[in-house]
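What follows draws every value from the coordinates through simple rules; no lab data is involved. Note that the structure is predicted; figures quoted are calculated from it, not measured. As a convention, Cβ positions derive from the backbone with ideal geometry for all residues, glycine included, and neighbour counts pool all protein chains shown.
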Amino acid sequence: MNRTLSVKHLLGIKDLTKEDIELIFSQADEFKEVLNRPIKKVPSLRDVTIANLFFENSTRTRLSFELAEKRLSADIVNFSASTSSVKKGETLVDTVNNILAMKVDMVVMRHSAPGSCLFLSKHIDAAIVNAGDGTHEHPTQALLDAYSIREKLGSLKGKKVAIIGDITHSRVALSNIYCLKKLGAEVMVCGPSTMIPKHIQSLGVKVEHSLRNALEWCDVANMLRIQLERQEVSVPYFPSLREYSMQYGLTKEILEGLSKKVVVMHPGPINRGVEITSEVADHTQSIILEQVENGVAIRMAVIYLLAQTRRTEKEVV
Amino acid sequence: MKILLKSATIIDIHSTLHNKKRDILIDKGEIIKIGTNLIDAKAKEVKANSLCISPGWVDMKAKIPDPGFEYKDTVQSSLDAALKGGFKYVVAMPDTDPVIDNKSQVEYLLSRSKSHAVRILPSGALSQGMQGKLLAEMYDMHQHGAILFSDNKKSVGTEMMTRALEYAQNFNGLIGSFPFDTGVNPGGMVNESNISVQMGLKGLSSSSEEIRLQRDIELLKYTKGRMHVMLISTEGSVELIRKAKKAGLHITCGIAAHQLAFMDKDVADFDSNLKVLPPFRQSQDIKALIKGLKDGIIDVICSDHEPEDHEHKALEFEYANYGISSIQTAAHVAFSVLNKEMSVDQIVEKISTNPAKILGIEYPVVREGQKGPWTIFSLGTEQSFGISGWKSLSRNSPFIEKSFPIEVIS
């Protein structure tokens, strides 16, 4: 098996091959074993400096990346800023110049603007890991989701995955669709018709507006967070959280009333009682905490493999 | 200075020599003699493959952001760019700072361009400050040279549009409409399609254009005014205009030349130089636009010149301003895309006689004793513009260094 990725950056799942994804998974398997040792650390990236640039609030993803970087013994610098507090755009270009001066090898970036990681990759000589560029891609989340399904169900091939909730404003839906499809799963998106982008069928997914139908169809239900803060419109996409929950909230009764055992996922943070109830979040069919655990292993794998690619390139030069 | 065009094809539907090849002697812009085998020792001879002459081209929609945004383009730089692009008349949009909503602003533009070879035709705002609340003094602006009234790309409410269409009839004023309803797809910035889905961006549907166009057509029918729809981009819009024309309304319409050159899929890698409004659409839309041009449904090809400085364009796609600095290349792009689809005189009509007629300006006809301006070009030579030959102060263009099958000589 080829042990290098076909890409220099992880900008999105769209650019990855199936082999890339499988390589990341097998590398994550190794790191997951490391994470269960008493000393959870390897010296692989002692020569690598990573900048974590978070232009948007994120607790989990940032922690997960930081932990992954520390477990690999990389040097890290953290930068957080809100895009709203400074004049939009200027920050990124200015920050880019600062990063160049600091001679970092890799940048992990979260930013609200779709395409911003691609933009950055065109301006700086560092490997870029997209930690979510708005409603475009969030590749490590999609990888850890698929990895968690693989762990639970053995393989993705032929499995039916329903992504349920606010698809339009989700930072993970698109990456999830690409990743699952590349691994041979069938994908359905389900949610209010105001929150499903038109033309999404062009990605080869089914569209459903009934939660029950979606649940009866799927093996795995990925319940997305309702992003109330992303509704920058004068007429909101649904009247109230209460009514949303009435139609799309997953309760224990619904889950246990299904004809088969559906695996429940959630990328976090959960609005308990809105998209899923507490009972469902903590249910035996839920793999929400496994997702978090796997997130570190997946991010270690991605960072490690990109660093390898970068080293090889430098040697060639 | 005297020049002698050797064997130039005359492209001017109003000339008795339309599509004929002649030698033409021009002195300080005035046509002295038209004939064959002319010789004049004092004149500079101009020879070129497929040399052509037509009345000076008219760009019916350009943003000249002076005053207010002189770092993007000044009157001088805009007109220099226009001249390179073959345009001799430019309709300037009113969204300067301050807005062109009174006669002083109109006079400012006219005075700044007085000594230039390119004439500015100022347009005035419909509403005071382009705020959409009170009518601007359209009559006064009209008296001082404003030639069209619009709030450019700002959404105009139904009451304001109705009032403007009615009011402008007092002096046979022309209202410019930009059909774009922001309510259909709030936050949209690229064509709504599989591409917007892949980019994770909200899309702008064709409905967001066509709903507003239908409204404006309906208001035109009701008020019996005169309207020029400045930019359309969709197949459906072409059909709406076709029907409106058939119903006998005083309606004309235009497209930006670059609308023919790109599709939504070209924007997929977030190149902010391709962020335009209306957005680039799909192949069936471009086909319909070309058919509309051929059928005479679309009257005008304009530049929709929107210069943007580096700080407003070299940004994440979402934050970058809309627009292309296009006045230097619009005609070139039109010829490049359309040369296999339409005849030279059909293309030239869209950038000369048609806009001149819609605007009702005094316009030259190629004949002896007539003063210009003229546009002289060659269809047998290629031309491209590098940074050194780029006249606009803004470089937000996908056409820099691109080669075109036409050369503008003067």
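Summary of computed values
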item: Region B:379-409, subset of a type in the set (Gly, Ala, Ser) and in contact (Cβ under 8 Å) with a residue 60 or more places away in the chain, residue farthest from residue B:258 (Cα to Cα); result: B:380
item: Residue satisfying all of: in region A:117-134; within 11 Å of the chain's Cα centre (by Cα) and on the phi < 0 side of the Ramachandran plot; farthest from the other protein chains (Cβ to nearest Cβ) among these; result: A:131
item: Subset of region B:188-208 that is free of Cβ contacts under 8 Å to residues at least 12 places away in the same chain and part of a helix (DSSP H, G or I) - its residue that is farthest from the other protein chains (Cβ to nearest Cβ); result: B:197
item: Candidates A:315, A:243, filtered to the one that is free of Cβ contacts under 8 Å to residues at least 40 places away in the same chain, part of a helix (DSSP H, G or I), out of contact with any Pro (no Cβ under 7 Å at 6 or more places or on another chain) and within 24 Å of residue A:213 (Cβ to Cβ); result: A:243
item: Top-ranked residue of region B:173-205 - restricted to ones that are within 21 Å of residue A:235 (Cβ to Cβ) and among the hydroxyl-bearing types (Ser, Thr, Tyr), ranked as surrounded by the most Cβ atoms within 10 Å (Cβ to Cβ); result: B:196
item: Residue B:327 vs. criteria out of contact with any strand residue (DSSP E or B) (no Cβ under 6 Å at 6 or more places or on another chain), under 22 Å from residue B:404 (Cα atoms) and of a type in the set (A, V, I, L, M); result: no
item: Residues within region B:268-319 that are among the hydroxyl-bearing types (Ser, Thr, Tyr), crowded, with 20+ Cβ neighbours inside 10 Å and more than 14 Å from chain A (Cβ to nearest Cβ), tallied; result: 1
item: Lone unmet requirement of (1) within 14 Å of chain A (Cβ to nearest Cβ); (2) in contact with a Ser or Thr (Cβ under 7 Å, 6 or more places away or on another chain); (3) not in a loop (DSSP other than H, G, I, E, B) for residue B:185; result: (3)
item: Criterion (part of a loop (DSSP other than H, G, I, E, B), touching a residue at least 40 places away in the same chain (Cβ under 8 Å), more than 30 Å from residue B:349 (Cβ to Cβ) and more than 20 Å from the chain's Cα centre (by Cα)) met by exactly one of B:108, B:71; result: B:71
item: Options A:189, A:233, A:161: the member that is within 14 Å of chain B (Cβ to nearest Cβ) and surrounded by 14 or more Cβ atoms within 10 Å (Cβ to Cβ); result: A:189
item: Filter pass, residue A:114 being within 14 Å of chain B (Cβ to nearest Cβ), under 23 Å from residue A:236 (Cβ atoms) and not hydrophobic (A, V, I, L, M, F, W, C); result: yes
